[in-house]
Amino acid sequence: MTAADAQAMLADLSARLGPDRVVVDPAQLITYEVDGSFDRGHPDGVVFPRSVDDVVQVVRWAAEHRMPLIARGSGTGLAGGAVPELGGLVVQLGLMNRVLELDLVGRSAVVEAGVVNLIFDNQVRRHGFFFPPDPSSQRTATIGGNIGTNAGGPHCFKYGVTSNYVTGLEVVLSDGRIIHTGGRALDIPAYDLTALFVGSEGTLGIITRADLRVLRDPPAVRTMLAAFDSVEHAGEAVSAIIARGLVPATMEMMDASIVRIVEEYAHPGLPLDAGAVLIIEVDGYPESVGPQIAEIEATLRECNVREMRIAQSAAERDRIWFARKSAAGAMARLAPAYYLVDGTVPRSKLAETLATVNRIIEADGFRTGHVFHAGDGNLHPLILIDDPSDRALIARILETGRKILAACVAVGGSITGEHGVGIEKRAFMSLMYGSAELALMWDVKEIFDPTGIMNPGKVLPPREEVVAAHREHAIGAAPAIRPLATTEDADAAPPVAAPESPEDAAETLRAFIDAGKSVRIRGGGTKSALLPPADAVLSTECLSGIRALAPEDLYVTVGAGMRLEDLQSVLREHRMWAPLASPWSAATIGGIIASNANAPLRMRYGSIRDILLAATIALPDGRVARIGRPVVKNVAGYDLHRVHVGAHGTLGLLCDVTLKLAPLPRARVTVIAMPRRIAQALDIGATLAQQSLIASAVLALEIADGGGWLSALPVTLDRRPTTLLAYTAEGLAEDVMAELAAVRAALRGAGIPAVQISAPSGSDLWGAFISAVQPDELLVRVGVAPKDIRAFMQRAGFGGKESYLTDLAAGQVYVRAPAPHPDDATRILDRLRTAARALNGYAIVLAAPARARLDRWGYTPDALDRMQEMRRRWGAGGLLNPGAFIV
């Protein structure tokens, strides 16, 4: 396409949208040639949409003319993700900057992609909440850009990254079609496309709107600075703090070189004789932050700390953070530019990796300083550049960056923790992933952007390179297929295979599929009753055991066939746990992940998707893919492992999984209240959930069956419907006592009697409610936005025979209803679905009487055709786990 052709086409677009909405002037386009990286492109034009309808027009126009589209926020990215490398049209989303809804009850918001992170955070803070992702570019970076790169920031150690706070997206695909992924009704029955789009850097579609979670702003904060003789000692201190079961909000580290550079520049009073400096911040209730700091202080004294300064005022806190935030400006004083490397390693590998990085930089003849997020292992060497116009010098520096990232990968880390891949690191993707994983990522790109117009050339190595490497690997390493025993007896039980390794599982799957057999995946068998039979069974019982346990790095890798209760038993010996729960003792880790069975404790620890860091997946064509890394921050490529959360084994077999661990809570206490009626329970419960800081469950229960399954509770129930409200808080003892004091005060003010107990927890009650389902009962999970719970209950019109448990924070209602006749089950399910759909929710069947013939899902997700294509490519055209899911 010539420049004249492009200009003629853009004149047509300008006529459609208005002349002020399309920029083609060469002088004005210079701004959009670059972002915060060293890369440069030449856009044919820039368009400024004001609405999703404008974006649809632009995309349809671009599809017609095969014009590349590059979505852009504020251009603060550091990897070239917003650079128009191949020309095309930059879609500047800054005018789509409205906060469309702020739901304080449900602690959520709906925002357009152009909303600036800090502006949004300030807005929600005025209501007592905050938005945890806080990248250094927070003042100008947009929410859309944060989502595109799955941005992090200093608070990620405790609070996680952007993906942990995105529950749904509005996306315009390359044909101009609008899809909605996820939403504020959690755990919708569909593949988790939200997980795919977060971190995809605009390569799959243009994100125009997001559903976000916000958290209560902790009422108290304390900050300290600690100096050490070496990075090694500082790193040991970080591990020691974690080993004590403490989770600070931030742990930032600066090495000796950056300490000197910052002190000479800003004079914040840093100790110049220190080998490393840690900035540690804790938050919580006022009753908690003092003891936290005191315990950290005692821990640091055991770790050879040289000096400690604890901020006694907001001014002193600001002075400490001023030192950290002055690093970039200080480096700019020494050279006209610097290259900021972004790699992540398990935190126990920080000192070792930093020594390797220093050797690499010294050998290559460059100067550097280090600032990094010590809590999450995110390294940021700043390499000084004396002449940014010297392209040969830039090439040498980028090669040094490649060596540094290779060193990160060598110790189990990632080539990018929060900046993304973009142009800068696409050639480095092969450091982390082989041809199998990259081919799967290219599948995703082709499924969602078949014309290739969405930010082409970013993130992935060229398709032809991946295909060639994959073909070479397949030819050179084709595994031998073991013959399978077969029988001609049609009434015989299907053959059962129990592979012992991912490679064995992949070979077994391929043999079954090549023989034309459908395959049922079986873990603990807790969800098998609703599934139709298959020609063969693959059991995960031999894919069990712990592969790697790293309490100091807060992760464990286990076989997917391991039972959750067995894992928790091992972890308790290390004062750790995986924040998961199940109603069934036989439940396996793989089964919990595949079914996305989130317990109420998600409100405290995040969902299963947030806890899953990596996975090894066996595919029915014989491939084995290893996706993710044992680190919290990893934005290298598409999050394919998280698509398997809730996929019910239809896209591949989970073999090994890596889970994020948490220290065992020092205190866990539940308040059981007895409201007069369910409406009162819902109202007071919603208020308490909104104000919670460390709650792990806020449940309202209506019990119509006498509640024999609640025998452990210190309350007496009879056969009449009884209403209960359960509130569990867990964490540090001081925080738990402070929170529950406020809960009890609120209950007293409402005239509601209550008792306080140490067990069971809210998640235990949830498990007991579900596992108590009888053979003649229907068990349904309803999901709506938490703010719509009361409206759903009114619409559903519950009778006196139905028991239900409402997870107020998640917006989920579990209904158990007697259904002795199939028509009863159908009638109840229809009523629940009608009420849920009216509120953009869903209702799915978890258990049903044997004779009932029900549509388990009753839901049609957006982009179902794209999900079906994913299953066609990865799920053997439906032969893998048939009938297990909606797709």
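The values are calculated or read from the model by the stated rules, or taken from the named source; none is laboratory data. All values reported here derive from a predicted model rather than from experimental measurement. Here the Cβ positions follow ideal geometry from the backbone for every residue, glycine too, while neighbour counts run over all protein chains shown. Accessible surface areas use protein heavy atoms only, side chains included; no ligands, DNA or RNA. Shrake-Rupley method; radii C 1.70, N 1.55, O 1.52, S 1.80 Å.
Report yes if Val743 is out of contact with any Asp or Glu (no Cβ under 6 Å at 6 or more places or on another chain) and either of a type in the set (Asp, Glu) or within 17 Å of Leu808 (Cβ to Cβ) (or both), otherwise no. In short, yes.
Of all residues in segment 580-602, those being crowded, with 22+ Cβ neighbours inside 10 Å and in contact with a Phe, Trp or Tyr (Cβ under 8 Å, 6 or more places away or on another chain) number 3.
Confirm whether Glu307 is open to solvent by 20 Å² or more (accessible area, probe 1.4 Å) and touching a Pro at 6+ places or on another chain (Cβ under 7 Å). Here the answer is yes, as Glu307 does meet what is asked. Checked against (1) crowded, with 22+ Cβ neighbours inside 10 Å; (2) under 29 Å from the mean Cα position of the chain (by Cα); (3) without any contact (Cβ under 8 Å) to a residue 60 or more places away in the chain, Leu350 passes all but a single condition, namely (3).
Does at least one position in segment 10-21 carry a residue that is within 28 Å of Thr149 (Cα to Cα), of a type outside the set (Phe, Trp, Tyr), free of Cβ contacts under 8 Å to residues at least 60 places away in the same chain and in contact with a Ser or Thr (Cβ under 9 Å, 6 or more places away or on another chain)? Yes, segment 10-21 contains at least one residue that is within 28 Å of Thr149 (Cα to Cα), of a type outside the set (Phe, Trp, Tyr), free of Cβ contacts under 8 Å to residues at least 60 places away in the same chain and in contact with a Ser or Thr (Cβ under 9 Å, 6 or more places away or on another chain). When Thr299 is tested against (1) in contact (Cβ under 8 Å) with a residue 40 or more places away in the chain; (2) over 16 Å from Leu382 (Cβ atoms); (3) open to solvent by 10 Å² or more (accessible area, probe 1.4 Å), only condition (3) is not met.
The condition of being at pLDDT below 95 and open to solvent by less than 50 Å² (accessible area, probe 1.4 Å) holds for only one of Gly524, Gly545, Gly559, Gly476, that being Gly524. Of the residues making up segment 506-537, those that are in contact with a Lys or Arg (Cβ under 7 Å, 6 or more places away or on another chain) and closer than 29 Å to Val570 by Cβ are Ala506, Gly524, Ser528, Val537.
The set of residues from segment 739-756 being at negative phi and open to solvent by 20 Å² or more (accessible area, probe 1.4 Å) comprises Ala741, Ala742, Arg744, Ala745, Ala746, Arg748, Gly749, Ala750, Pro753, Ala754, Val755, Gln756.
In segment 440-459, the residues that are in contact (Cβ under 8 Å) with a residue 40 or more places away in the chain reach residues that are open to solvent by less than 10 Å² (accessible area, probe 1.4 Å) and in a helix (DSSP H, G or I) with C-beta atoms within less than 7 angstrom, at least six apart or across chains, in these pairs: Leu440/Leu640; Met441/Leu640; Val444/Leu196; Ile447/Met870; Ile453/Ala62.
Segment 49-154 holds helices (runs of 4 or more DSSP H) entirely within its bounds, and those carrying 2 or more residues that are farther than 27 Å from Ile453 by Cβ and in contact with a Ser or Thr (Cβ under 9 Å, 6 or more places away or on another chain) map to 117-125.
Scanning segment 603-661 for residues that are buried (at least 24 other Cβ atoms within 10 Å of the Cβ), farther than 30 Å from Ala374 by Cβ and of a type in the set (Asp, Glu) gives no hits. Scanning segment 816-836 for residues that are open to solvent by 10 Å² or more (accessible area, probe 1.4 Å) and in contact with a Lys or Arg (Cβ under 7 Å, 6 or more places away or on another chain) gives Pro818, Pro822. Could you check segment 768-803 and list, in sequence order, the residues that are open to solvent by less than 30 Å² (accessible area, probe 1.4 Å) and of a type in the set (Phe, Trp, Tyr)? Once the filter is applied, which keeps residues that are open to solvent by less than 30 Å² (accessible area, probe 1.4 Å) and of a type in the set (Phe, Trp, Tyr), segment 768-803 yields Phe769, Phe792. Of all the listed residues (Leu104, Leu118, Leu100), the sole one being under 23 Å from Ala328 (Cα atoms), surrounded by fewer than 18 Cβ atoms within 10 Å (Cβ to Cβ) and aliphatic (A, V, I, L, M) is Leu118. When segment 840-868 is filtered for residues that are open to solvent by less than 20 Å² (accessible area, probe 1.4 Å), β-branched (Val, Ile, Thr) and within 24 Å of the chain's Cα centre (by Cα), only Ile844 remains. Filter segment 272-295 for residues that are over 19 Å from Ser313 (Cα atoms) and either touching a Lys or Arg at 6+ places or on another chain (Cβ under 7 Å) or among the hydrophobic types (A, V, I, L, M, F, W, C) (or both); which is most open to solvent (accessible area, probe 1.4 Å)? Filtering segment 272-295 for residues that are over 19 Å from Ser313 (Cα atoms) and either touching a Lys or Arg at 6+ places or on another chain (Cβ under 7 Å) or among the hydrophobic types (A, V, I, L, M, F, W, C) (or both), the one most open to solvent (accessible area, probe 1.4 Å) comes out as Leu272. Of all the criteria given as (1) touching a strand residue (DSSP E or B) at 6+ places or on another chain (Cβ under 9 Å); (2) open to solvent by 10 Å² or more (accessible area, probe 1.4 Å); (3) aliphatic (A, V, I, L, M); (4) without any contact (Cβ under 8 Å) to a residue 60 or more places away in the chain, the one not satisfied by Ala395 is (1).
Can you find a residue that is open to solvent by 10 Å² or more (accessible area, probe 1.4 Å) and under 29 Å from Lys158 (Cα atoms) anywhere in segment 43-62? Looking through segment 43-62, none of the residues is open to solvent by 10 Å² or more (accessible area, probe 1.4 Å) and under 29 Å from Lys158 (Cα atoms). Listed here are the strands (runs of 3 or more DSSP E) enclosed by segment 500-617 that have at least 1 residues being touching a Ser or Thr at 6+ places or on another chain (Cβ under 6 Å) and not aromatic (Phe, Trp, Tyr): 519-522, 546-550, 555-559. Restricting segment 13-41 to residues that are of a type in the set (Ser, Thr, Tyr) and touching a strand residue (DSSP E or B) at 6+ places or on another chain (Cβ under 8 Å), which is nearest to Arg60 (Cα to Cα)? Result: Ser14.
Listed here are the residues, each with its yes/no results for (1) more than 24 Å from Thr722 (Cα to Cα); (2) open to solvent by 50 Å² or more (accessible area, probe 1.4 Å); (3) in contact (Cβ under 8 Å) with a residue 40 or more places away in the chain.
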{"position": "Tyr814", "(1), (2), (3)": "no, no, yes"}
{"position": "Ala838", "(1), (2), (3)": "yes, yes, yes"}
{"position": "Gly877", "(1), (2), (3)": "yes, yes, no"}
{"position": "Asn881", "(1), (2), (3)": "yes, no, yes"}
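Residue check: Gly202 meets all listed conditions (1) outside any loop (DSSP other than H, G, I, E, B); (2) open to solvent by 10 Å² or more (accessible area, probe 1.4 Å) but one, namely (1). Of all the residues in segment 164-182, those that are open to solvent by less than 10 Å² (accessible area, probe 1.4 Å), out of contact with any His (no Cβ under 9 Å at 6 or more places or on another chain) and either modelled with pLDDT under 95 or of a type in the set (Gly, Ala, Ser) (or both) number 2.
Okay, residues lined up against (1) hydrophobic (A, V, I, L, M, F, W, C); (2) in a helix (DSSP H, G or I); (3) modelled with pLDDT of 95 or more:
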| site | (1), (2), (3) |
| --- | --- |
| Asp735 | no, yes, yes |
| Arg744 | no, yes, yes |
| Ala759 | yes, no, no |
| Gly799 | no, no, no |
| Thr806 | no, no, yes |
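Taking the stated definitions as given, is Arg668 part of a strand (DSSP E or B), out of contact with any helix residue (DSSP H, G or I) (no Cβ under 6 Å at 6 or more places or on another chain) and of a type in the set (D, E, K, R)? Against the criterion (part of a strand (DSSP E or B), out of contact with any helix residue (DSSP H, G or I) (no Cβ under 6 Å at 6 or more places or on another chain) and of a type in the set (D, E, K, R)), Arg668 qualifies.
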